[in-house]
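Structure first, commentary second.
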Amino acid sequence: MHSIWRAVVLGGVVTLGVVLGAGIMRVAAQASDARIGTWKLNVEKSKYSPGPAPKNETVKIEASGQGEKATAEGVNAAGTPIMTQYTANFDGKDYPLTGSQNADTVSLKRIDARTTERTDKKGDTVVLTFTQVVSQDGKTMTATVKGTNAQGQAVDNVTVWEKQ
């Protein structure tokens, strides 16, 4: 009887250890994600083609599930407030994107520890692809954006973001 009880107790300890270990790994992975935090656009260092660049923009990226929640707020070149938001996993699936004139869904893929790829779609059509790379020191993020804007113009932007 003692050996059965010991097996049940040890089995419970192993199960608890696996559950706790998985939770700790998830928290550690999110804590080590260099993109998590608040990023401010450096308009002077960024290149917009076609322009014009926004007057300012800030993006807050938060860990969410197996992905992120991103909220971008700022003022466009005409002086109008802008705000876009999404919550998506790094699984290549489409998730809702709100506030964009150009797209209604976003999908994310993690390329490596410092690089992600974001694809924006309008319906089933890819309109923009973002390749976002965080610098080795974690202080700068550069996004290369290619595709087509809401006016049908080719987009070839390089934006530079500074961690706040």
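Identify, please: which residue in the range 30-51 is part of a strand (DSSP E or B) and hydrophobic (A, V, I, L, M, F, W, C) and is, among those, surrounded by the fewest Cβ atoms within 10 Å (Cβ to Cβ)?
Among those that are part of a strand (DSSP E or B) and hydrophobic (A, V, I, L, M, F, W, C), it is Leu41.
Mind checking whether some residue in the range 91-109 is of a type in the set (A, V, I, L, M), under 15 Å from the mean Cα position of the chain (by Cα) and under 18 Å from Ser49 (Cα atoms)?
Looking for residues that are of a type in the set (A, V, I, L, M), under 15 Å from the mean Cα position of the chain (by Cα) and under 18 Å from Ser49 (Cα atoms), one finds none in the range 91-109, hence no.
None of the figures in this text is laboratory data; all of them are computed from the coordinates on show. On a predicted model such as this, the values are computed, not experimentally measured, just so you know. Because the Cβ atoms are built from the backbone with ideal geometry, glycine has one as well, and the counts that use them run over all protein chains shown.
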